[in-house]
Amino acid sequence: EKSPVRIAVTGAAGQIAYALVFRIASGALLGPDQPVVLTLLDLPQMQGALKGVMMELEDCAFPTLAGMAATDDPKVAFRDADIAFLVGARPRGKGMERKDLLGANAEIFTVQGRALNEAASRDVRVLVVGNPANTNAYIAMKSAPDLSPACFSAMIRLDHNRAASMLAGKAGIDVGTIEKLVVWGNHSPTMYPDYRFAESGGRKLAAMIDDEAWNREVFIPTVGKRGAAVIEARGASSAASAANAAIDQMRDWVVGSHGKWVSMAIASDGSYGVPEDIMFGVPVTAERGVVTRISGLAMDEFATERFAITLNELKEERDAVAHLLA
Ligand code: NDP
């Protein structure tokens, strides 16, 4: 009998969490023989709704759910956490500017970073989903000086999955056969989905598609605006696919990607000219919690241009919150 893995989820009364916690509890993250204990964090006024979520979790009678608790205190939520999904974030309100949004979230993620620093397992794996995810992850990491920067990542897997499905459709191949797809940079419309290296069954996708105008004018903008398109169609945001991507990214991180390249936003080590510590989407492989960046990929003129756009956005976000971290 394996001992339970402790998993914290923030924003646990929200939409993404509603698609996420049931899958974690069912074994979709760590497998059918790994018990989990869930700790659900949300704001004080959401505790009633959280109670409802726990009632439903109970009513699923998941054999892998070994225990659960709800709290509004990050230190309680993160105590001995092995895994943390930071989903809750301040949504952009009417008339709120980007810097107000960054500021409001900086406060949340400073507090949560400190709480992780104090209470979480020293090997905790923290995935930030709440937007602006990359910069929120950067803030949490900077607020947790006793934890390794390698404990933190931001979600870029939804963009990666969106890009993979669109490429599969275009090339007429099964999405599961796609290897070596990359999404660079910020989880925002500036991210750069890059299939120059991608392959399916040993064949280059770029050769199978061979349509640079489609890449630039259809593929990249469509992936970038996919979230807005889902809201337009569904009348609500892409919570289920976001939760699915969170599961995918965390599972590949803690269990392993088995040699497959996946995109993850991780603290830069200076590779590709990204200033150190910026949380930047890069291709990686992962094995049992250890991430290895794929380095040395060549950049052509267009790639360099796209890369700079998303990097500049992240530098601006970093600079906008710098005074809050001092
Ligand atoms: P969601 O669960 O729909 O979204 C949560 C966060 O995920 C948002 O920042 C959202 O960004 C982001 N996100 C990332 N990718 C996606 C995607 N593809 N589609 C949609 N969202 C995405 O928000 P809810 O408002 O339903 O729930 C948030 C919960 O968090 C609430 O219960 C709230 O009380 C809680 N909260 C908790 C805090 C805390 O514990 N300290 C602090 C703040 C909030 P975007 O808004 O840009 O779409």
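Is there a residue in segment 41-59 that is under 25 Å from residue 146 (Cβ atoms) and at pLDDT 95 or above?
In the first step, residues of segment 41-59 are kept if they are under 25 Å from residue 146 (Cβ atoms); the result is 41.
In the following step, the residues that additionally are at pLDDT 95 or above were identified as 41.
There is at least one residue in segment 41-59 that is under 25 Å from residue 146 (Cβ atoms) and at pLDDT 95 or above.
Quick check on segment 195-228: of everything there that is within 16 Å of the ligand (Cβ to nearest atom) and surrounded by 13 or more Cβ atoms within 10 Å (Cβ to Cβ), which residue is nearest to residue 163 (Cα to Cα)? Before you say what the answer is, go through the steps one by one.
Initial filter on segment 195-228 (within 16 Å of the ligand (Cβ to nearest atom)): 222-228.
Still in the running and surrounded by 13 or more Cβ atoms within 10 Å (Cβ to Cβ): 222-224, 226-227.
Working: 222: 9, 223: 6, 224: 9, 226: 10, 227: 12 Å.
Checking each candidate, the answer is 223.
For segment 291-315, how many residues are part of a strand (DSSP E or B) and without any contact (Cβ under 8 Å) to a residue 24 or more places away in the chain? If you could, list the steps in order and put the result at the bottom.
Our first condition is that a residue be part of a strand (DSSP E or B); within segment 291-315, this holds for 291-293.
Narrowing further to those that are without any contact (Cβ under 8 Å) to a residue 24 or more places away in the chain: 292.
Within segment 291-315, residues that are part of a strand (DSSP E or B) and without any contact (Cβ under 8 Å) to a residue 24 or more places away in the chain number 1.
Might you check whether a residue that is under 25 Å from residue 307 (Cα atoms), surrounded by fewer than 23 Cβ atoms within 10 Å (Cβ to Cβ) and at pLDDT below 95 occurs anywhere in segment 167-189?
yes
Quick check, is residue 109 modelled with pLDDT of 95 or more and near the ligand (Cβ under 10 Å from one of its atoms)?
yes
Would you mind stating whether residue 128 is away from the ligand (no atom under 16 Å from the Cβ), under 15 Å from the mean Cα position of the chain (by Cα) and within 30 Å of residue 113 (Cα to Cα)?
Numbers: away from the ligand (no atom under 16 Å from the Cβ): no; under 15 Å from the mean Cα position of the chain (by Cα): yes; within 30 Å of residue 113 (Cα to Cα): yes.
Here the answer is no, as residue 128 does not meet what is asked.
Name the one entry in 69, 115 that is part of a strand (DSSP E or B) and more than 9 Å from the ligand (Cβ to nearest atom).
Just a single option satisfies the conditions, and that option is 69.
Take the residues of segment 115-132 that are surrounded by fewer than 18 Cβ atoms within 10 Å (Cβ to Cβ) and in contact (Cβ under 8 Å) with a residue 40 or more places away in the chain: which is nearest to residue 286 (Cα to Cα)? Before you say what the answer is, go through the steps one by one.
In the first step, residues of segment 115-132 are kept if they are surrounded by fewer than 18 Cβ atoms within 10 Å (Cβ to Cβ); the result is 118, 122-123.
Then drop every residue that is not in contact (Cβ under 8 Å) with a residue 40 or more places away in the chain, which leaves 118, 123.
Working: 118: 26, 123: 15 Å.
Result: 123.
Among all residue pairs at least 6 apart or on different chains, which show Cβ distances below 7 Å where the first residue, located in segment 33-61, is free of Cβ contacts under 8 Å to residues at least 40 places away in the same chain and the second is away from the ligand (no atom under 16 Å from the Cβ) and among the charged types (D, E, K, R)?
The qualifying pairs are 33/2; 34/2; 35/2; 37/6.
Out of all the residues in segment 72-85, which are near the ligand (Cβ under 10 Å from one of its atoms) and either assigned to a loop (DSSP other than H, G, I, E, B) or exposed (fewer than 15 other Cβ atoms within 10 Å of the Cβ) (or both)?
Correct list: 72, 73.
List pairs: first residue in segment 89-107 and within 13 Å of residue 132 (Cα to Cα), second residue in a loop (DSSP other than H, G, I, E, B) and modelled with pLDDT under 85 anywhere in the structure, Cβ distance under 7 angstrom, at least six positions apart or on different chains.
101/92
Could you check, for segment 48-62, whether at least one of its residues is within 15 Å of the ligand (Cβ to nearest atom) and within 19 Å of residue 109 (Cα to Cα)?
Checking segment 48-62: not a single residue is within 15 Å of the ligand (Cβ to nearest atom) and within 19 Å of residue 109 (Cα to Cα).
Counting just the residues of segment 145-169 that are of a type in the set (Gly, Ala, Ser) and free of Cβ contacts under 8 Å to residues at least 40 places away in the same chain, which one comes out nearest to residue 130 (Cα to Cα)?
Step by step, filter segment 145-169, then rank; the result is 148.
For segment 192-273, which fully contained helices (runs of 4 or more DSSP H) count at least 3 residues that are at pLDDT 95 or above and in contact with a strand residue (DSSP E or B) (Cβ under 6 Å, 6 or more places away or on another chain)?
Ranges flagged: 239-254.
Take residue 101 and decide whether it is more than 18 Å from residue 22 (Cβ to Cβ), out of contact with any helix residue (DSSP H, G or I) (no Cβ under 9 Å at 6 or more places or on another chain) and within 13 Å of the ligand (Cβ to nearest atom).
Criteria met by residue 101.
The values are calculated or read from the model by the stated rules, or taken from the named source; none is laboratory data. Just so we're clear, the structure is a prediction, and the values are computed from it rather than from any experiment. Cβ coordinates were reconstructed from backbone atoms using ideal geometry, including for glycine residues, and neighbour counts include every protein chain displayed.
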